[in-house]
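The values are calculated or read from the model by the stated rules, or taken from the named source; none is laboratory data. Remember, predicted model here, so these are calculated numbers, not experimental data. Quick reminder, even Gly has a Cβ in these numbers, built from the backbone with ideal geometry, and neighbours come from all protein chains shown.
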Amino acid sequence: MNAQYFDRARAALRSGDYSAAASMFLACKEPSEVAGEVDHLRGNALMKLGLYADAEAAYTEALEDAAYGKAGALLTNRGKAQAARGDYEAAVESFTAATKDASYATPYKAYLGLANALLKLDRVTDAGVAFRSAAIDGANPAPASALASLGDCFVKLGRPADAVESYLTALDYVSPHDDPRAIEAGLGIAYAAAGRSNDAVDAFNRATSDGIYQLDSDQQAAFEQAKEDVANRAAIVAQRQAAAPATGYGAPQPVDPLDPTGSTGGFMPDPSDTGFFTMTESEMIQQDRRETKIRRKKRHTGLKVFIVLLLLIIIAAGGLGFAYTRGFGFPSQQDAISGLLQAVNSGEDANQYLSPNLSDDAKSMITSSLEGLGDATATVTGLDAGMTESDATVDVTMPQGGTVTYQVHFVRSSNHIGWAVESLTMDFGTDDQQAVDTTGTAADATGSDTGSLSTDLDSTDVAPDATGTDDSSSTDQSADDTAGATDGDAADGTADTM
């Protein structure tokens with residue numbers, strides 16, 4: 001493989017020159033050469049160009065490189081390409097195979113693609129099962145879209161009650177990338193199908209309250225029918241109330257307070273039952289005192305509960321304050337350095353893991369020093385934690401073996417709760433083998449760079465009925481969403497990563 005061409009191709013992919021990237025990826029290896037990462041990234045570039053058949057072929061070639069791995073991501077990407085060109089049966093096979101890869105870190109992406117392909121084949125029940133699997137996947141950061149799509153399936157299956165529960169749960173998990181108005185509109189359809197017209201009208205009103213969301217024809221028809229049903233019921237109630245005095249219903253009748261039943265006086269206290277009329281004056285006084293004590297105890301119960309809750313809150317606040325002064329935070333120092341390493345080598349935005357006090361040049365220097373480490377893992381082996389600053393010794397273990405040690409200085413992040421990296425220097429110690437070029441030029445000391453360009457679904461994910469690709473790393477999973485991001489767990493070339 002021509003490493004120079006490969007680097008130039010990755011740079012073109014990052015800059016958005018997908019045509020040049022695809023050509024250079026193809027030119028950097030021999031036709032018979034097996035190079036999984038090259039074909040993976042070439043497939044991503046071809047997806048961006050809308051050349052779905054060529055992208056499918058590239059992903060298939062990448063799968064032939066057993067040493068490269070990433071089968072789950074490659075199968076998911078191939079399924080996206082097959083669905084984009086209308087071969088939904090083949091897409092179902094690819095997505096299904098991807099869900100069976102135990103090493104695949106984000107199987108919910110494969111489940112979403114599988115569900116949308118099954119819907120195109122009118123296999124609604126199977127699609128609902130796939131949407132449910134995507135929603136409950138712990139790796140799914142935004143399950144609301146999958147839950148809403150599950151609600152759509154329930155409506156099509158004639159199960160409006162289940163659809164209502166699915167939409168309500170989706171509203172509980174709405175993220176900034178989800179549209180709650182669309183979910184409210186779906187909820188309105190479910191309520192209408194369940195015969196709950198008042199609730200349907202309320203849901204549709206919430207969906208259209210800001211005047212931005214426009215109901216589709218089916219939703220508008222259900223909205224109008226629900227409003228008509230509510231109006232008819234109100235008219236029937238008004239007619240019954242108007243007719244009540246004429247028929248004698250609701251007319252007040254005189255009641256004897258000593259004989260409310262009109263015949264037996266059974267509501268009067270019976271001396272044989274209560275003993276009220278046989279009590280002496282002293283017994284009445286004692287009875288009154290007992291009742292007074294009971295009332296006093298009941299009044300004090302609320303105060304005691306309040307005091308206990310207040311003490312618990314004070315204790316919890318004290319514990320949190322103590323933990324804060326001892327350097328605890330979320331994300332922790334370990335989370336911050338691991339997230340930074342992963343973000344840099346997957347091409348994602350690393351600013352969330354860097355100190356807000358740093359200049360853009362300082363941030364660039366830190367991120368550039370971590371490029372080329374591939375799928376390396378960072379471990380905090382020594383930590384001097386303070387309330388606002390921490391110093392740590394971090395060992396970075398390379399995929400092929402070997403360890404590089406860094407001295408990392410942390411400060412509180414912009415939310416003052418978690419930690420962010422402010423400075424990072426390599427600790428060469430006394431071992432000459434630890435001298436690793438932080439610019440990535442000594443990547444050969446730890447193995448070839450295979451993790452610096454993210455090729456997970458977040459890169460060029462394409463929905464089954466998509467005609468384009470998603471240029472963001474969001475996890476919008478709407479059933480009718482025709483945009484997606486190509487899965488790219490492999491390398492740092494995700495073109496849609498900020």
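Before moving on, here are some points about what is shown:
- Count - residues of the range 340-366 that are over 21 Å from Ala11 (Cα atoms) and either basic (Lys, Arg) or crowded, with 19+ Cβ neighbours inside 10 Å (or both): 3
- Exclusive hit being of a type in the set (A, V, I, L, M) and over 23 Å from the mean Cα position of the chain (by Cα), set Leu49, Leu114, Leu118: Leu49
- In the range 108-122, the residues that are surrounded by fewer than 22 Cβ atoms within 10 Å (Cβ to Cβ) and not in a loop (DSSP other than H, G, I, E, B): Lys120
- Among the candidates Phe25, Phe95, residue that is crowded, with 24+ Cβ neighbours inside 10 Å, among the aromatic types (Phe, Trp, Tyr) and modelled with pLDDT under 95: Phe25
- Residue that is nearest to Arg132 (Cα to Cα) [pool: residues in the range 68-86 that are among the basic types (Lys, Arg) and either out of contact with any Phe, Trp or Tyr (no Cβ under 7 Å at 6 or more places or on another chain) or part of a helix (DSSP H, G or I) (or both)]: Lys80
- Per this entry, Ser369 is counted among residues that are hydroxyl-bearing (Ser, Thr, Tyr) and surrounded by 15 or more Cβ atoms within 10 Å (Cβ to Cβ).
- Some residue of the range 301-313 being under 25 Å from Ser390 (Cβ atoms), of a type in the set (Ser, Thr, Tyr) and either modelled with pLDDT under 80 or in contact with a Phe, Trp or Tyr (Cβ under 9 Å, 6 or more places away or on another chain) (or both): no
- Lone qualifier among Glu93, Glu56, Glu89 - being part of a helix (DSSP H, G or I), free of Cβ contacts under 8 Å to residues at least 24 places away in the same chain and assigned by TED's automatic domain parsing to the domain that holds Ile136: Glu93
- Verdict on Asp210 being over 23 Å from the mean Cα position of the chain (by Cα), charged (D, E, K, R), surrounded by fewer than 20 Cβ atoms within 10 Å (Cβ to Cβ) and part of a loop (DSSP other than H, G, I, E, B): yes
- Residue selected from the range 133-159 under the condition more than 15 Å from the chain's Cα centre (by Cα) and surrounded by fewer than 19 Cβ atoms within 10 Å (Cβ to Cβ), by the criterion nearest to Gly186 (Cα to Cα): Lys156
- The range 11-44: number of residues that are acidic (Asp, Glu) and assigned to a loop (DSSP other than H, G, I, E, B): 3
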